[in-house]
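Participant: Handing you this structure, nothing more for now.
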Amino acid sequence: MSSVESTPVPTPSPEAGTRITPTPRIVPQKRVPRLRALDGLRLIAALMVAAYHYGGRDGEVAQAWGSSPKLQFPTLHEWFAYGCLGVQIFFVISGFVICMSGWGRTLRSFFASRASRLLPSYWAAVVLVTVVFALPVVAYKAVSPSDALVNLTIMQQPLGADRVLGVCWTLWAEIRFYALFALCVVLPGATRQRVILFCAGWTLAAALAQSAGGTSRSSGAEGGGEPLLDLVLMPEYAPFFIGGIGLYLVHRDRHDAYAWGIVGVSWLIGQHYAVAQLWHAPNPDYFSYRTSTGIILVVTLGFLAVAAIALGALSGVNWRWLTVAGALTYPFYLIHEHLGWVAIRAYHQGLHLPSYVTLPLTTATMLALAWLLNRCVEDRLTPRLRSALARPR
């Protein structure tokens with residue numbers, strides 16, 4: 001990044017010797033230091049989701065293990081069941097990061113940044129999972145060729161197509177957040193007042209949408225019958241994005257009472273939705289039982305962790321390897337679920353490794369594959385795509 005200052009420089013004049021005209025001089029701007037603790041928190045949230053997918057629920061993963069994860073992890077499965085709340089923590093982080101990265105950007109630059117960040121690994125993951133699931137030795141059903149192609153647009157959920165990646169429903173929520181933030185904040189230009197009004201307006205509009213439509217959709221539900229207001233305003237996820245935005249305002253000014261108010265209201269509403277979606281009365285027919293206290297605690301710890309980073313309390317957590325961890329988080333998140341089932345089946349049923357070995361080995365395998373995607377796909381395609389999209393026309 002650079003800024004331009006005008007400095008008088010003499011240039012020849014055909015009329016009178018020399019004339020003073022301004023010539024641009026490039027003055028480097030101060031680089032904003034990377035918040036490496038945020039990269040570490042991203043990886044923790046991704047590992048929470050992986051623990052949930054590998055041992056915190058039934059379904060296809062039970063086919064990979066050969067029995068219910070409840071039998072594989074008699075004690076840990078109760079803890080793994082809370083891992084799904086890593087998604088809510090991701091949304092808080094996203095609110096923080098998007099507000100930080102969108103501040104001072106043009107709409108073109110913001111779009112180029114987001115598209116180049118999301119698409120290369122996503123496309124690679126869709127192709128990879130589709131190909132692997134099409135192999136005769138893999139026991140999982142691949143989606144149809146038509147649906148696989150639709151998945152490349154990230155619009156499969158509203159279009160009602162089968163999903164290649166189970167986690168892609170969160171990307172659909174992220175894209176809707178990006179669109180709202182871009183139209184309401186980036187396009188007119190980010191200012192503290194405008195961001196505060198955006199947060200307040202979205203919070204109120206989401207509450208009205210809830211009251212009007214009575215949202216009760218569960219995480220990952222398919223599109224098709226969702227009320228329009230719910231679809232646009234995302235009442236169940238908005239508090240987490242808004243809370244992250246508020247925490248970025250706190251990062252800019254820790255004494256900003258409005259920012260703290262946004263964070264507090266978002267936490268109160270966010271824990272309400274988390275409990276409403278994930279709590280149920282004790283029932284032996286359910287896979288596991290999450291207490292309301294446990295759900296509130298995990299949500300609270302997520303907010304507190306981002307708040308600690310915003311306030312600089314974790315500035316000492318500045319190890320270089322955390323940047324690598326942050327780079328691996330997104331490709332790991334995309335591929336870990338479905339390809340993890342294949343790895344679990346190979347290690348546990350094929351090689352007869354015990355479950356307590358298979359779990360970390362599968363996680364390590366997915367991290368290694370994520371590293372390959374980062375090096376071979378993201379490092380090569382992301383800069384080129386960003387440059388192509390940001391180029392003035």
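Any read-out appearing in this document is the output of simple, stated calculations on the displayed coordinates, not a laboratory observation. Small disclaimer: the values here were computed from a predicted structure and weren't measured. Cβ placement follows ideal geometry from the backbone for every residue including glycine, while neighbour counts extend to all protein chains displayed.
Participant: Starting with the fewest neighbours, write out C99, C168 ranked by other beta-carbon atoms found within 10 Å of each beta-carbon.
Facilitator: Numbers: C99 26, C168 20.
Going from least to most buried by this count: C168, C99.
Participant: In addition: Could you tell me which residue out of G243, Y273, S292 lies farthest along the dipole of the chain toward its positive end? Charges go on the beta carbon: Lys and Arg +1, Asp and Glu -1, centred on the Cα centre.
Facilitator: Going by the charge dipole, the pick is G243.
Participant: Expressed as a whole percent, how much of the Cα-Cα distance distribution for the chain exceeds 36 Å? Intermediate results must be reported in sequence, preceding the final value.
Facilitator: On the way: 21483 of 77028 pairs.
Percentage above 36 Å: 28.
Participant: What's the exposure ranking of I245, I344, going from fewest to most Cβ atoms within 10 Å?
Facilitator: Details: I245 31, I344 27.
Ranking I245, I344 by Cβ neighbours within 10 Å, fewest first, gives I344, I245.
Participant: In addition: Per DSSP H run of at least 4 residues, take -39500 (n - 2.57); add these up for the chain, divide by its residues and hand me the 222 nm value, nearest 500 deg cm²/dmol.
Facilitator: Values: 17 runs with 243 residues, N = 393.
After summing the helix terms and dividing by residue count, I get -20000 deg cm²/dmol.
Participant: For K70, K141, what's the fewest-to-most ordering of other Cβ within 10 Å of each Cβ? Spell out each step's value before the answer.
Facilitator: On the way: K70 20, K141 10.
Listed from fewest to most nearby Cβ atoms, that is K141, K70.
Participant: Also, I was wondering about something else. Above 16 Å lies some portion of the pair distances; for the range 322-361, what is it as a whole percent of all C-alpha pairs?
Facilitator: Tail of P(r) above 16 Å: 44 percent of Cα pairs.
Participant: To the nearest 20 Debye, how big is the dipole of the chain about its Cα centre, given +1 on the beta carbon of each Lys and Arg and -1 on that of each Asp and Glu? Intermediate results must be reported in sequence, preceding the final value.
Facilitator: Details: 30 positive and 19 negative charges, 288 e Å.
In total the dipole reaches around 1380 debye.
Participant: Related question: So how tilted is helix 86-102 from the main axis of the chain? Cα-based, degrees 0 to 90, rounded to 10.
Facilitator: 10
Participant: Roughly what angle does helix 238-252 make with the longest principal axis of the chain, taking Cα atoms, 0 to 90 degrees, to the nearest 10?
Facilitator: 40
Participant: For R380, what is the net charge nearby, where nearby means another residue's Cβ is under 15 Å from its Cβ and Lys, Arg count +1, Asp, Glu -1?
Facilitator: Local net charge: +2.
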